[in-house]
1. Assuming R0 = 25 Å, what is the FRET efficiency of D103 and S189, from their Cβ-Cβ distance, to the nearest 0.05?
2. Within the set of other residues whose C-beta is less than 15 Å from the C-beta of P132, count the net charge using Lys and Arg as +1 and Asp and Glu as -1.
3. Fully extended, how many nm does the chain gain between T75 and E197 (0.36 nm per residue separation, minus their Cα-Cα distance)?
4. Going by amide H atoms built from the backbone, whose H comes under 5 Å of the H on L78, apart from near neighbours?
5. Among all the lysines, which ones have a C-alpha under 17 Å from K83's C-alpha, if same-chain residues fewer than 8 places away are not counted?
6. For the pair E306/Q179, report the inter-label distance in nm, with labels modelled 7 Å from Cα in the Cβ direction.
7. Kindly put S189, S230, S219 in sequence by how many other C-beta atoms sit within 10 Å of each C-beta, fewest to most.
8. Using a 10 Å cut-off around each Cβ, can you sort L192, L266, L312, L55 from fewest to most neighbouring Cβ atoms?
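Where a number appears in this text, it was derived from the coordinates with a stated rule and is not lab data. Predicted model, so just to flag it, every value in this text is computed and none were measured. Glycine gets a Cβ as well: all are built from the backbone with ideal geometry, and neighbour counts include every protein chain shown.
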Amino acid sequence: MRLIALGIGVALGLWPSPMLSELAIAQSPSGLEQDSLPNNFADRYVLGVGDQIKLDIFEIPEIQNIQQTVLVDGTITLPWIGKVSVAGLTPQETEQTVANLYDSYLHNPLVTVDVLQPRPLQVGIVGEVKHPRGNTLRIGTEAVESNISQQRIRYWPTLTQAIQAAGGITRLANVRAIQVQRPSEGTISIDLWKLIESGDIEKDVLLRDGDQILIPVASEMTNEEITQLSSSSLAPDAITVNIVGQVTSPGSLQVPLNTSLNQALLAAGGFTERADEQTVELIRLNPNGSVTQREIFVDLAQGINEDSNPILQEGDAVIIERSTIATASDTVNQVSSPLLSILGLLNFLF
């Protein structure tokens, strides 16, 4: 059964596709209990609706290369014996079940079951990601030209792929304490920090159908850690901020991750002639549901710093008020406009 691990050598076509039984994978993430990930991953894959499988019985031509898709009732249909319920069984259990059924017709039938195309995985992800929700992760295929022949390489969905499908992590995600709640196996703790630091893909985790992923809030992070996390492949490509008031192009703005306040102001077209160019107001919704509102003294010559040119976060709102002169001018216009209208009416009457 050929389910291929996502790995650099495999992705480049440098190594042949491993059997699922070999997917004992050097996947032993930091913080993962030794018995949480079985040595033989193939023994733990459970067939379900949508799996495409191939079944052979040794030396029986009528039952060679039978390809079936597991139907919505969890069954496949085979010659001589009809419907067989396979949902919930591993491929090895399916082999034994089918062998037992054919035992009435054949002497010690040797049955093999391969998974040609696994079904999409249904996983959920909540917590510090941009779009918490349920996701369907497909096992993709792509043709790779090797020195020997053209091979079909399948990629099995991983934890990092699920995070990317959910829009990426937030700046305050605690990637050292990710939890995967796995049906029938309980909760698995996963530390992805080494993956971020060194690109060690062995710290990634192969997902299974029904996994529920929780990414908690980090209680404490340094600015260096936040920057490193925000620059990783787990972070979203862009965030949405709102620039309101006296800029050339106010409104919602998509900006790259790690965009500073000054950069966002320039991306919105810069200040108008009526803007207060000295201060702006930054409103931020915090992870705990509270809102912070603070005044920031603007200095476009400043580099990134928390006081005058902070890094913006998803959902931040920046408000640019009118300058004192513009406010005074507007006030005079509001007062004088009715008087001018009255004088114009008097001039018309008399």
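1. E between D103 and S189, to the nearest 0.05, is 0.05.
2. -1
3. Length difference between fully extended and current span is 39.4 nm.
4. Residues meeting the amide H criterion: K83, V84.
5. K54
6. Result: 2.8 nm between the two label points.
7. Going from least to most buried by this count: S219, S189, S230.
8. L266, L55, L312, L192
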